[in-house]
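Here is the structure we will look at.
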Amino acid sequence: MRLHINANNDIEKLEKFTKWIINVGDGKIEGIKLLDDNYDSTWIKISEDMLINSSEGLKGLIKEIYPNLNSKTLDPNYLKTRAILAPRNEEVDYINNIVLSEIKSDTKTYRSAHIIIPQNDEKYDKKNLYTPEFLNSLTLLGLPPHSLQLKINTSILLLRNLDQSRGLCNGTKLIVKNLGQRVIEAQITKGSNIQENIIIPRISMTSNQNDMSFILKRKQLPI
């Protein structure tokens, strides 16, 4: 995913933050030990200018990243320059639901359909071993959730390459413009086709996650 920055942003500060994030991931930041900690130096000190002074926890972070959200949803520059990153799909879905609840407009829910593909020649029928409720609950790498809740004028992220010539690639940010019964209409936020509206249908997708005895094919909007 790529984010856009405005010309008046402090680019040097952003580059410094980017380098710091990479160093954290690579384990190059020196750890510190807390006084009451029985373990080795496993804590990382975060600079004061990176901290948010809020007692609201995650909601405070969302308000800091998306101030005045309801009055800014029609501004594509506002949405395409902001993002909250999380390491796992569960956290992403949780944050998305909180942000969505803050936006004052109607919600439309899109639910997926599933097909189970056995990974070997076992004789029993796996279709009879897993309930729809279990399959619906699975959060797998590279797949959208079973239940997608969307609102108009909210930001979404493509999970598949749909049309590379138009910039519709995995990781592209779009803005929802219309919610149909089986498709949605979204607006491109960057590139030569910026502000062009496109139709996104449900497609069949499989996950690269291989820690299960079957392959799950999920038909859902690729966002």
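The values are calculated or read from the model by the stated rules, or taken from the named source; none is laboratory data. None of these values were measured; they are calculated from a predicted model. Please note: Cβ atoms are built from the backbone with ideal geometry, for glycine as well, and neighbour counts cover all protein chains shown.
A few remarks follow.
- Region 167-216 - residue that is of a type in the set (S, T, N, Q) and surrounded by 14 or more Cβ atoms within 10 Å (Cβ to Cβ) and, of those, farthest from Leu148 (Cα to Cα): Asn193
- Test: residue in region 128-138 that is surrounded by 18 or more Cβ atoms within 10 Å (Cβ to Cβ), under 20 Å from the mean Cα position of the chain (by Cα) and of a type outside the set (S, T, N, Q): no
- Residue count for region 193-220, restricted to those that are of a type in the set (D, E, K, R) and touching a helix residue (DSSP H, G or I) at 6+ places or on another chain (Cβ under 8 Å): 1
- Looking at region 52-148, the helices (runs of 4 or more DSSP H) lying wholly inside it that each contain 1 or more residues that are polar (S, T, N, Q) and in contact with a Leu (Cβ under 9 Å, 6 or more places away or on another chain) sit at 89-102.
- Within region 15-40, the set of residues being of a type outside the set (D, E, K, R) and either part of a loop (DSSP other than H, G, I, E, B) or modelled with pLDDT under 80 (or both) comprises Gly27, Ile29, Gly31, Leu34, Leu35, Asn38, Tyr39.
- Here Thr109 clears all of (1) in contact with a Pro (Cβ under 8 Å, 6 or more places away or on another chain); (2) exposed (fewer than 10 other Cβ atoms within 10 Å of the Cβ) except the condition numbered (1).
- Considering region 167-186, and only residues there that are more than 23 Å from Lys72 (Cβ to Cβ) and small (Gly, Ala, Ser), the residue that is modelled with the highest pLDDT turns out to be Gly180.
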